[in-house]
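The values are calculated or read from the model by the stated rules, or taken from the named source; none is laboratory data. The model shown is predicted, which means the values in this text are computed figures rather than measured ones. Reconstructed Cβ throughout: ideal geometry from the backbone, glycine too, with neighbour counts over all protein chains shown.
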């Protein structure tokens, strides 16, 4: 059988009578008396390790480690080059043989065909851009005429500057702002 | 380390002591995790976020102002981390009714090992009702309630941690108490019904 909880009764009575301090005290006592949830065992150790791995010193150590491996890789490349020098005449002979099988006429025809295809594609792209440009011409001319006036040009420049600064400011503001209204759809 | 003040502990951490940082985490893991788990609901996510909070605190410790209360500073980081997390992932609605919700948290809240079965049941029922009443609050009210009534922060410390005006905090807490009273009554724990939980 349940019995009325004295703390709850105190809380309700204080709330009903508008005694804020008493209601606060009762609710505080009530909530602090509840067992409080804890993370799993070993949380402090895991967190200390995570902090250590994420620390800037660890970052620097990782960077040094990477640099060391870059050095090792460079040394290995140099060693491979040094060891490969005796094999250079053989490699050159193989390349010469391979090149000998490619005829000049065939290569030239292939190059010309490739170039013509490339030029065709480029030409199509340029034509597309030109058609867009043609449509934008009236707007460009109107803008050019307006900006010819120093007063308009400086006004536009000033507006752009203010807009850029405002955008930057707003971005920072939104990033820093951590109101619940940004995180909870019901607020 | 265990007997050190918060300021001394911070000094040791800044001097490079890992043991001091572990002690700092052990000292504040319960309040930080407690706040986050109340806000996100899922203990696993809360643990990840709590770890993120302490790692951020460790990295930002050189900029910590010793004139401020360390707990308030950590709660501020926890508040920011929780909001950032919820911005990325929209929170699910928290229903007032229903037994299936928040089972992990309720299990964590119900400490039945040291009580008689009847007392444990009653305590668990009341814990369940209080938990539901808290979870039914808007997140900004809920956060203020946890900081004020569970962690015992002053209005000023809460305002500083949540970066809100003092008046807003007082208003939110006043409204939160009213809503909790209504919710507890609805769950059968009101003054008219005495203590008669629905579950």
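Key figures for this structure:
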quantity	calculated
Filter pass, residue B:104 being surrounded by 14 or more Cβ atoms within 10 Å (Cβ to Cβ), within 9 Å of chain A (Cβ to nearest Cβ), modelled with pLDDT under 85 and not in a loop (DSSP other than H, G, I, E, B)	yes
Any chance residue B:3 is modelled with pLDDT under 95, outside the structural domain of residue B:159 (by TED's automatic domain parsing), over 15 Å from the mean Cα position of the chain (by Cα) and part of a helix (DSSP H, G or I)	no
Residue match in the stretch A:77-99 (condition: under 27 Å from residue B:181 (Cα atoms) and at pLDDT 85 or above)	no
Members of the stretch B:5-40 found to be touching a helix residue (DSSP H, G or I) at 6+ places or on another chain (Cβ under 7 Å) and away from chain A (no Cβ under 11 Å), listed by number	B:6, B:9, B:10, B:12, B:14
Matching residues, the stretch B:63-83, being more than 10 Å from chain A (Cβ to nearest Cβ), surrounded by fewer than 20 Cβ atoms within 10 Å (Cβ to Cβ) and farther than 14 Å from residue B:6 by Cα	B:63, B:77
The lone exception for residue B:178 - which of (1) over 15 Å from the mean Cα position of the chain (by Cα); (2) not in a helix (DSSP H, G or I) it fails	(2)
Lone unmet requirement of (1) surrounded by 19 or more Cβ atoms within 10 Å (Cβ to Cβ); (2) more than 7 Å from chain B (Cβ to nearest Cβ) for residue A:42	(1)
Which listed residue, of A:110, A:122, A:117, A:147, is surrounded by 10 or more Cβ atoms within 10 Å (Cβ to Cβ) and within 35 Å of the chain's Cα centre (by Cα)	A:122
Selected residue (criterion: surrounded by the fewest Cβ atoms within 10 Å (Cβ to Cβ)) from residues of the stretch A:17-29 that are more than 7 Å from chain B (Cβ to nearest Cβ) and under 48 Å from the mean Cα position of the chain (by Cα)	A:29
Tally, over the stretch B:178-199, of residues that are modelled with pLDDT of 90 or more, touching a helix residue (DSSP H, G or I) at 6+ places or on another chain (Cβ under 6 Å) and within 11 Å of chain A (Cβ to nearest Cβ)	3
Matching residues in the stretch B:134-149 - criterion: being buried (at least 19 other Cβ atoms within 10 Å of the Cβ) and facing chain A (nearest Cβ under 10 Å)	B:134, B:139, B:140, B:141, B:142, B:143, B:145, B:146, B:148, B:149
